[in-house]
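To start, the structure under review is shown below, and the notes come after it.
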Amino acid sequence: MSDTVEIVNFRLKGGVDVDTFKAENAKMEHAFLGHLHGFKTRSTSATEDGQIAVVLHWAHAEDAQSSMDKFVGNPDTKDFTDLIDMDTFVMTRYVEFDWMTLDDI
């Protein structure tokens with residue numbers, strides 16, 4: 001079965017530095033995200049001008065949706081979400097149809 005991939009893009013609120021965000025990001029991953037059913041992987045990246053991109057892999061679309069339902073208003077995610085400019089938050093879900101590694105060559 002194909003993974004569900006979420007790609008999330010956003011900016012931090014004015015005055016929030018990236019190091020503060022990195023610390024809260026790690027806390028949220030360990031306290032909340034890593035315990036969710038169907039969670040597979042997550043990577044977080046940033047551009048030089050402050051755009052944040054998060055790529056998540058889930059076993060199923062239902063797992064991804066369940067995570068969002070639990071994420072909003074959860075005490076383990078509040079400090080993390082308080083750093084995000086929610087007007088810039090965009091999440092898109094995809095069904096993965098191809099995966100390649102160097103081992104495939």
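Read-outs throughout are calculated quantities, based only on the coordinates presented, and are distinct from any laboratory measurement. The model shown is predicted, which means the values in this text are computed figures rather than measured ones. Neighbour counts run over all protein chains shown; Cβ positions are idealised from the backbone, glycine included.
Just need the relative contact order of region 4-97 here, percent rounded to a whole number, with Cα pairs under 8 Å and 6+ apart.
For region 4-97, the relative contact order is 52 percent.
Which order results if 48, 62, 29, 24 are arranged by neighbouring Cβ count within 10 Å, fewest first?
Going from least to most buried by this count: 48, 62, 29, 24.
I need the calculated FRET efficiency for the pair residue 48 and residue 2, taking r as the beta carbon distance and R₀ as 35 Å, to the nearest 0.05.
0.60
So what are the chain's ellipsoid semi-axes, whole angstrom, largest first, if each one is the square root of 5 times an eigenvalue of the alpha-carbon gyration tensor?
24, 17, 12
Please state the charge dipole magnitude for region 4-97, taken about the Cα centre, from unit charges on C-beta atoms (+1 on K and R, -1 on D and E), reported in debye and rounded to the nearest 20.
Using Cβ point charges on Lys, Arg, Asp and Glu, region 4-97 gives about 180 debye.
Given H placed on each backbone N at 1.01 Å, which residues far from residue 3 in sequence or on other chains put an amide H within less than 5 Å of it?
96
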